[in-house]
Amino acid sequence: MPETANGPLANHQSAANGPAAADAGVRARTAPAPRTRVAVIGGGRNCEHEVGLATAASVVASLDPDTFEAVQLTIGRDGSWSGPDGKAFPAGLGEALATIADCDVVFPAVHGPFGEDGTLAALCELACVPYVGSPVGAGALAMDKWATKLVAEALGLRTARAVLVTSAADPVTSAMPVVVKPVSAGSSHGVTRVDDPAQLAEAVSRALRLDSRVLVEEFVEGREIDIAVLDAGNGGRTVGPPLEIVVGSGALFDTDSKYDGTADFRLPALISETERARLESASLALFDALGCAGVARFDFFLGSDGELVLNEVNTMPGMTAESQVPRMFSSVGLPYPELLNVLVNGALHRHGRERRAG
């Protein structure tokens, strides 16, 4: 019996653990790794809806399909949610949340109120899903231009002198010209340069259609210089090269100029090493003080005397391949698809670190 047991049966078992097992091992090693599911949320219930659609479409098209599975969700102007097929979810937000929960990470591509202002970050936090970009508090602070001024000034950074108003009838005694802008809107919507005091009430009224609070700021003469900070999620941060937006004397970089293809960008901006060092230092200080994550863009005016004046902070800056931030990092060897990769993987890394800390 021992001979029989160690004969044909033993040979059969040996074969099973030989070439066939080896083939299975090779197949296991060469099988593609599961892709990371990324919920890309675009659109938005605000005046920047079209910009959010463009950003989301660009992100979906540019995420590496071998590494990521993009799941596109859209928020309509009315706040409704639709899925990858473009059809509205019958169950609305509840169905959208179920889709988000089935993904590994969220890429919020909604600019402006009800998105960039921490709203989507809060939704992801409640759903316990990692997300690209700044957390709730940073998004809310940076979206509020009045609050951003207070943070910047506490850091010793200059901002344009401003008056906060809530009605077109509020008295304003600022010297002309001034710039009127909503406190919490983006893409220069509702922004007007006013040279005649008789035109001020009308400009404030236009801005109040977008927000309940409006800033009346002194007009700052200077070159418009943008700079961005990228957080890889592992404690390392990279400051991109400064980019100059060339506008005519006395003009504004308005909504039309931003999106009609006429914007004149100079990259890198022709500034001194000292000016660049001050821009980098200011942007890193603001990034930390506001509590930003992912990537944020800091927009400054650079006066002829070398003085820096903060204009605003964007925690969800334009993110198509042709937008300022992707251009900045592409110019120093980080192409747009790789930038998206860094942002998504950074969000996953940061979420894992926070869970371990908690």
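The values are calculated or read from the model by the stated rules, or taken from the named source; none is laboratory data. Please read these numbers as outputs of a predicted model, since none were measured by experiment. Here Cβ is always computed from backbone atoms with ideal geometry, including for glycine, and neighbour counts include all displayed protein chains. Ligands, DNA and RNA are stripped out before the accessible areas are found, and what is left, the full protein with its side chains, is counted by its heavy atoms. Shrake-Rupley method; radii C 1.70, N 1.55, O 1.52, S 1.80 Å.
Numerical summary
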read-out: Residue check, R45 surrounded by fewer than 21 Cβ atoms within 10 Å (Cβ to Cβ), in a strand (DSSP E or B) and touching a residue at least 40 places away in the same chain (Cβ under 8 Å); value: no
read-out: Hits in region 280-328 - residues which are part of a strand (DSSP E or B) and more than 20 Å from D117 (Cα to Cα); value: F300, F301, L302, L308, V309
read-out: Hits in region 153-187 (condition: in a strand (DSSP E or B) and open to solvent by less than 40 Å² (accessible area, probe 1.4 Å)); value: T159, A162, V165, V178, V179, V180, K181, P182
read-out: Leading residue by the ranking (nearest to the chain's Cα centre (by Cα)) among those in region 189-213 that are surrounded by 19 or more Cβ atoms within 10 Å (Cβ to Cβ) and within 27 Å of A54 (Cβ to Cβ); value: H189
read-out: Test result for C103, at positive phi and hydrophobic (A, V, I, L, M, F, W, C); value: no
read-out: Verdict on V136 being at pLDDT 95 or above and under 17 Å from A70 (Cα atoms); value: no
read-out: Number of positions in region 126-146 that are under 21 Å from A285 (Cα atoms) and either open to solvent by 20 Å² or more (accessible area, probe 1.4 Å) or not in a helix (DSSP H, G or I) (or both); value: 11
read-out: C103 vs. criteria modelled with pLDDT of 95 or more, part of a loop (DSSP other than H, G, I, E, B) and touching a strand residue (DSSP E or B) at 6+ places or on another chain (Cβ under 9 Å); value: yes
read-out: Conditions (1) in contact with a His (Cβ under 6 Å, 6 or more places away or on another chain); (2) in contact (Cβ under 8 Å) with a residue 40 or more places away in the chain: number failed by C103; value: (1)
read-out: Residue in region 289-312 that is modelled with the lowest pLDDT, counting only those that are out of contact with any strand residue (DSSP E or B) (no Cβ under 9 Å at 6 or more places or on another chain) and open to solvent by 20 Å² or more (accessible area, probe 1.4 Å); value: D305
read-out: Selection count where residues are assigned to a loop (DSSP other than H, G, I, E, B), open to solvent by less than 60 Å² (accessible area, probe 1.4 Å) and not β-branched (V, I, T), scope region 65-93; value: 7
read-out: Pair list, Cβ under 6 Å, 6 or more apart: region 110-136 residue free of Cβ contacts under 8 Å to residues at least 60 places away in the same chain, other residue part of a loop (DSSP other than H, G, I, E, B) and open to solvent by 30 Å² or more (accessible area, probe 1.4 Å); value: A121/P135
read-out: Among the residues listed as D231, D226, D211, the single one being over 30 Å from L334 (Cα atoms), charged (D, E, K, R) and touching a strand residue (DSSP E or B) at 6+ places or on another chain (Cβ under 6 Å); value: D211
read-out: Single residue of L150, L120 found to be part of a helix (DSSP H, G or I), surrounded by 22 or more Cβ atoms within 10 Å (Cβ to Cβ), of a type outside the set (G, A, S) and at pLDDT 95 or above; value: L120
read-out: Complete set of residues in region 335-354 that are over 26 Å from C128 (Cα atoms) and either touching a Lys or Arg at 6+ places or on another chain (Cβ under 7 Å) or without any contact (Cβ under 8 Å) to a residue 12 or more places away in the chain (or both); value: P335
read-out: Hits in region 102-117 - residues which are crowded, with 24+ Cβ neighbours inside 10 Å and within 23 Å of R209 (Cβ to Cβ); value: V110, H111, G112, G115, E116, D117
read-out: Counted residues, region 261-279 - those being surrounded by fewer than 16 Cβ atoms within 10 Å (Cβ to Cβ) and part of a helix (DSSP H, G or I); value: 3
read-out: Only listed residue being of a type in the set (S, T, Y) and either closer than 20 Å to S212 by Cβ or under 18 Å from the mean Cα position of the chain (by Cα) (or both), chosen from T148, T159, T99; value: T148
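Here's the yes/no breakdown for (1) modelled with pLDDT of 95 or more; (2) more than 19 Å from the chain's Cα centre (by Cα); (3) open to solvent by 10 Å² or more (accessible area, probe 1.4 Å):
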| position | (1), (2), (3) |
| --- | --- |
| A228 | yes, no, no |
| G233 | no, no, no |
| G240 | yes, no, no |
| E244 | yes, yes, yes |
